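Undergrad: Let me give you the structure first, and then I'll get to my questions.
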Amino acid sequence: MARGMVIIDEDRCKGCGLCISVCPVHILKLAEGRFNAQGYPPVEVTDPEACTGCAMCATICPDVVFTVYRRKRRSAARA
Amino acid sequence: MAVEIPEDMELVYSYPESLTKVRTHYCPGCTHGVVHRLIAEVLDELGVRERTIGIAPVGCSVLAYYYFNMDFAEAAHGRAPAMATGIKRVSPDKVVFTYQGDGDLAAIGTAEIIHAANRGELFTTIFVNNAIYGMTGGQMAPTTLPGQVTTSSPTGRNVQTAGWPIRMAELLAELPGVAYVTRQSVLDVPAIRKAKKAIKLAFQTQLAGLGFSMVEILSTCNTNWHMTPVEALEWAKEHMVDYFPLGDTKMTDAVRALKEGK
Ligand SMILES: Cc1ncc(C[n+]2csc(CCOP(=O)(O)OP(=O)(O)O)c2C)c(N)n1
Ligand code: SF4
Ligand code: SF4
């Protein structure tokens, strides 16, 4: 079960790639052949199960694209 | 877009209330956006958004008043510290900050920032140093590095004719009215976290009425540096930090006590 989860506000994304460069589990990439309302290819999660909820993406994002959730420590029911 | 959040997940990052939902006009990857976010997060955490007044500069961040969810004024180029002085003196219960670039603060506005700091005005300055004039097309700023190529120094900054880059955080540290001055960066995740703590301490310095506070933030202008956003962060880490060392240049005992009491 994923330890974390990000929600991407696609239309705010400018496709700068800073988040991609800092994600420790390398699960972010820019969309291919698809553009958002601003005309940029937005960032996508390639493997949601691998997200740790570390929030590094949100910390470096200049456009506040990410909302981040992390599994609570104690109630972490193992699947 | 209804996304289901599992019950055992907790929210660790969400949109700050101190920012509006307006999309910024900044270039993709521009660190102005990161600095905006950090200020907003700090004002949220301090619970002072509704009594904060920001002063926007001239430069790429000229439209900052659209992006911050609070009262804002727009100053003539370099004059934000003079406006902040007036606003803070008339309304001392407000939290007042200026947001300024290096062209704004260290070129046309040098006199204003020095005298406001020297008078120990009780506002906070967030100084975004990207070593160039971004808005006008990438001309040399007082902070441009020796040898750095810009549109007005096409063969690189020649320090014999253009002088050496100004280290504003060190310069202002000399002034008795200054309580807290630090140089931070937003060039990687650990640095961003540290920069946020510094911004918070600067606002706490103001709230405690301890004197003038400023956070200089080493930033990027990937467009006018002609680099990708990721390359710009690397370039700045490699070249800017040597000339503009990170860390506090002034912290009075009262600010230190404030910091350690937290
Ligand atoms: C009185 C006056 N002189 C010159 C200008 C032109 N001008 C606009 S922005 C700018 C420099 C901005 O550079 P900086 O403060 O470093 O901000 P950045 O755009 O890099 O964020 C200049 C010289 C102006 N608008 N007003
Ligand atoms: S929260 Fe961490 S692991 Fe998840 S996408 Fe963002 S950077 Fe990657
Ligand atoms: S020109 Fe430079 S400082 Fe201005 S928005 Fe673009 S990257 Fe940012």
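Undergrad: Within the set B:197/B:237; B:94/B:197; A:72/B:259; B:21/B:237, which residue pairs have Cα atoms separated by over 23 Å?
TA: As for pairs spanning more than 23 Å Cα to Cα, those are A:72/B:259; B:21/B:237.
Undergrad: So who's got an amide H within less than 5 Å of the one on residue B:96, skipping anything under 5 residues away but keeping other chains? H placed 1.01 Å off N, in plane.
TA: B:53, B:124
Undergrad: Out of residues 5 or more away from residue B:109 or on other chains, whose amide H comes under 5 Å of its own, with H placed 1.01 Å from N in the peptide plane?
TA: none
Undergrad: Measure off 7 Å from each Cα along the Cα-to-Cβ vector at residue B:110 and residue B:76, then give the distance between these two points in nanometres to one decimal.
TA: Here the modelled spin labels are 1.9 nm apart.
Undergrad: What number comes out for the charge environment of residue B:147, summing +1 per Lys or Arg and -1 per Asp or Glu over other residues with Cβ under 15 Å away?
TA: Every neighbour counted, the sum reads -1.
Undergrad: Here's a follow-up. Under 13 Å from the Cβ of residue A:58, count the other residues' Cβ atoms, weight Lys and Arg +1, Asp and Glu -1, and hand me the total. Walk me through the intermediate numbers first.
TA: Numbers: positive: A:12, A:70, B:37, B:193, B:196; negative: A:9, A:63, B:41.
Around residue A:58, the surrounding residues sum to +2.
Undergrad: Moving on. Please turn the phi angles of region B:226-241 into ³J(HN,Hα) values with the Karplus equation 6.51 cos²θ - 1.76 cosθ + 1.60 (θ = phi - 60°), one per residue in order, whole Hz, x for glycine and proline.
TA: Couplings: 6, 9, 6, x, 5, 4, 5, 4, 5, 4, 5, 5, 6, 10, 6, 5 Hz.
Undergrad: Starting from the eigenvalues of the Cα gyration tensor, five times each then square-rooted, give me the equivalent ellipsoid semi-axes of region B:13-89, largest first, whole Å. Don't skip to the answer; put the middle values down first.
TA: Numbers: eigenvalues 81, 59, 17 Å².
After diagonalising the Cα gyration tensor, the semi-axes are 20, 17, 9 Å.
Undergrad: For region A:58-69, in order, what is each residue's ³J(HN,Hα) by Karplus, 6.51 cos²θ - 1.76 cosθ + 1.60 with θ = phi - 60°, in whole Hz (x at glycine and Pro)?
TA: Here the 3J(HN,Hα) series is 5, 5, 9, 5, x, 10, 6, 7, 9, 10, 10, 10 Hz.
Undergrad: Determine the principal axes of the Cα atoms in the protein assembly as shown, then give the extent along each, sorted from largest to smallest and rounded to whole angstroms.
TA: So the three principal-axis extents are 62, 48, 32 Å.
Undergrad: Still on this model: Full extension from residue B:136 to residue B:228: what is 0.36 nm times the residue separation minus their Cα-Cα distance, to one decimal in nm?
TA: 31.2 nm
Undergrad: Something else: With r as the distance between the Cβ atoms of residue B:159 and residue B:4 and R0 = 51 Å, compute the FRET efficiency 1/(1 + (r/R0)^6) and round to 0.05.
TA: Efficiency at R0 = 51 Å is approximately 0.30.
Undergrad: Going 7 Å from the Cα of residue B:11 in the Cα-to-Cβ direction, what parts of region A:55-70 have a backbone nitrogen less than 18 Å from that spot?
TA: Backbone N within reach: A:55-56, A:58-59, A:64-70.
Undergrad: I need the semi-axes of the equivalent ellipsoid of chain A: take the C-alpha gyration tensor, multiply each eigenvalue by 5, square-root it, list largest first in whole angstrom.
TA: Over the Cα atoms of chain A, the ellipsoid semi-axes are 24, 12, 11 Å.
Undergrad: Please list, short to long, the whole-number percent of alpha-carbon pairs of region B:183-262 in consecutive 5 angstrom bins beginning at zero.
TA: The distribution over region B:183-262 is 3, 15, 22, 20, 15, 11, 8, 5, 1, given as percents.
Undergrad: I would also like to ask the following. With a Förster radius of 45 Å, plug the Cβ-Cβ distance of residue B:260 and residue A:32 into 1/(1 + (r/R0)^6) and report the FRET value to the nearest 0.05. Let's see the in-between values first.
TA: On the way: r = 51 Å, r/R0 = 1.13.
Computed FRET efficiency for residue B:260 and residue A:32: 0.35.
Undergrad: In sequence order, what are the phi-derived ³J(HN,Hα) couplings for region B:245-252 according to the Karplus relation 6.51 cos²θ - 1.76 cosθ + 1.60 with θ = phi - 60°, rounded to whole Hz, with x for glycine and proline?
TA: My calculation for region B:245-252 gives x, 7, x, 6, 9, 8, 8, 5 Hz in order.
Undergrad: Still on this structure: Taking the mean number of other Cβ atoms within 10 Å as a proxy for protection, how do you rank B:179-192, A:49-62 from highest to lowest?
TA: Peptide ranking by packing, descending: B:179-192, A:49-62.
Undergrad: Then there's this: What relative contact order, as a whole-number percentage, does region A:3-79 give when Cα pairs under 8 Å and 6 or more residues apart are counted?
TA: Worked out over region A:3-79, it gives 42 percent.
Undergrad: Next up: For chain B, take every pair of Cα atoms, bin their distances at 5 Å starting from 0, and report each bin as a whole percent.
TA: 1, 6, 13, 18, 20, 17, 12, 7, 3, 2, 1, 0, 0
Undergrad: Let me know the mean shielding of B:82-94 by other chains, meaning the per-residue number of their Cβ atoms within 10 Å of its Cβ. Intermediate results must be reported in sequence, preceding the final value.
TA: Values: counts 0, 0, 0, 0, 0, 0, 0, 0, 0, 0, 0, 0, 0.
Rounded to a whole number, the mean comes out at 0.
Undergrad: Sticking with this one: Give me the aspartates and glutamates in straight-line cross-link reach of residue B:196: C-alpha distance below 19 Å, same-chain residues under 8 apart excluded.
TA: A:63, B:17, B:41, B:44, B:45, B:188, B:216, B:248, B:260
Undergrad: Here's another thing I want to ask about it. Over all residues in A:45-55, what is the mean tally of Cβ atoms on other chains that come within 10 Å of each residue's Cβ?
TA: 1
Undergrad: For residue A:53, enumerate residues with amide H under 5 Å from its amide H, sequence gap 5+ or separate chain, H modeled in the peptide plane.
TA: HN-HN under 5 Å from residue A:53: A:4, A:5.
Undergrad: Report, in debye and to the nearest 20, how large the dipole of chain B comes out about its Cα centre when Lys and Arg carry +1 and Asp and Glu carry -1 on their Cβ.
TA: Result for chain B is approximately 620 debye, rounded to the nearest 20.
Values quoted throughout were computed directly from the atomic coordinates according to the rules given, and no laboratory measurement underlies them. The shown structure was predicted, so the numbers you read here are calculated from the model rather than taken from an experiment. Backbone-built Cβ (ideal geometry, glycine too); neighbour counts: all protein chains shown.
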